[in-house]
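Written out below as structure tokens is the structure these notes cover.
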Amino acid sequence: QANIFSFVACLKQRPNSTKTRPNSARVRSTKQKMTKIVLACLVAVASADYDFANEPPKVHWTRHDKYDSARVKSRAGKGVGSKPTIMSMDVTYTVDGDEYEGYVAYPTAPDPKRPDGFPGMVISHAWYGLAEGEKMRAEEAAKHGYVAFALDMYGKGKRATDRAGAMQLIGELNANGPEVVKMRAEAGLDQLRAGGVVSEMAVVDESLIYSTGYCAGAIWATEMARSDWGVKGVSVFHANYANLTAFTTKMADVWMQYHHASYDRVGDEGLLELETYLEGADVKVWETVKYGGTYHGFSDPTNSIFDDRAAAQSHASMFAFFKASMPKRACEDSTTWRCPG
């Protein structure tokens, strides 16, 4: 009944006619406008009952799909064509005696402007497990000059192909307790440090390690700041804002960035609560960015509600945010993003 009243109220809009046009033209124009209003009202009423707690279904997509992969990568930031050649591969590592399989991507040639090594980026996957979307993001980061590692929270070979499988995997993970979850997340971060599997392939400047994650992965990415594990900055996408009460001044110096869908499951109230806790933890540099008309999972190209524009813009913003946190070289000032040449 409430929906009927909402629909009637919506229909109270009336298209404006133009007296200078012929009568038949006004009639056709009015019908067309009324049709658009009716359709818009139907969509608006239907959206009010949308269950935002349900994850949208996955779609077939791989990093090798020529059209989608090229489109996403080319719009992810400036100068992609001039980015370095990269190497990428699956890598196996051990946590508490069990095997896990992550994914590493890194520039193949050293950067003479970075004698201490490349900045590092650890990527935490969504609840389906490490998949094509996170691997593509690792390659994208490598093209921006990062040594990127996409961690594995479930274990080698443990990946979901549907919602039920994802619920089972994340349920099994959480059933181990928060200390095990934190141990696996920190183990992923440690692969970028001396002694980790990535350190055998590329040199990482351990003072410039960043954390990012998607959906459930945003919780683990944020934990790296909350637990004071030495990350320089965090940027997460359509996050679940868990453990906000654990925000303390230990994370005050970590740059924090959150990308929020306008129809995300936590809602605007959750976003405002997050901002309150960021301020309460005295985080010196933080920002939240809300993308209008988008839904939970908008940045994932394997997701049925993937939004190309918002995904590209949010990741370009992430790279700019991380770049701004890095110490400036002698030839840079507050208005210059990079040195000549």
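The table below lists the values:
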{"item": "Gained length - Val197 relative to Asp98, 0.36 nm times residue gap less alpha-carbon distance", "result": "34.1 nm"}
{"item": "Largest-first principal axis extents of the Cα set of segment 147-290 (Å)", "result": "41, 39, 25"}
{"item": "For Met256, residues with placed amide H under 5 Å, excluding near neighbours", "result": "Val234, Val285, Trp286, Glu287"}
{"item": "Extension gain (nm, one decimal) between Thr108 and Ala246, 0.36 nm per residue minus Cα-Cα", "result": "45.8 nm"}
{"item": "Shape box of segment 246-296 [Cα atoms, principal axes, largest first, Å]", "result": "34, 16, 12"}
{"item": "3J(HN,Hα) from dihedral phi, segment 240-246, Karplus parametrisation 6.51/-1.76/1.60, rounded to Hz, x for glycine, proline", "result": "9, 8, 8, 6, 4, 5, 7"}
{"item": "Of Lys158/Lys290; Lys156/Lys284; Lys156/Lys290; Lys135/Lys290; Lys284/Lys323; Lys250/Lys323, pairs whose Cα-Cα distance is over 28 Å", "result": "Lys158/Lys290; Lys156/Lys284; Lys156/Lys290"}
{"item": "Per-residue ³J(HN,Hα) for segment 275-289, Karplus 6.51 cos²θ - 1.76 cosθ + 1.60, θ = phi - 60°, Hz, x for Gly and Pro", "result": "4, 4, 6, 4, 5, x, 7, 6, 5, 6, 10, 8, 7, 10, 10"}
{"item": "Net charge over other residues, Cβ less than 11 angstrom from the Cβ of Asp282 (K, R count +1; D, E count -1)", "result": "0"}
{"item": "Ordering of 172-182, 257-267 by packing [mean C-beta count within 10 Å, highest first]", "result": "257-267, 172-182"}
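Taken together, the values in this text are just the output of simple stated rules run on the coordinates, not laboratory data. Values in this document were obtained by computation on a predicted structure and should not be read as measured data. Reconstructed Cβ throughout: ideal geometry from the backbone, glycine too, with neighbour counts over all protein chains shown.
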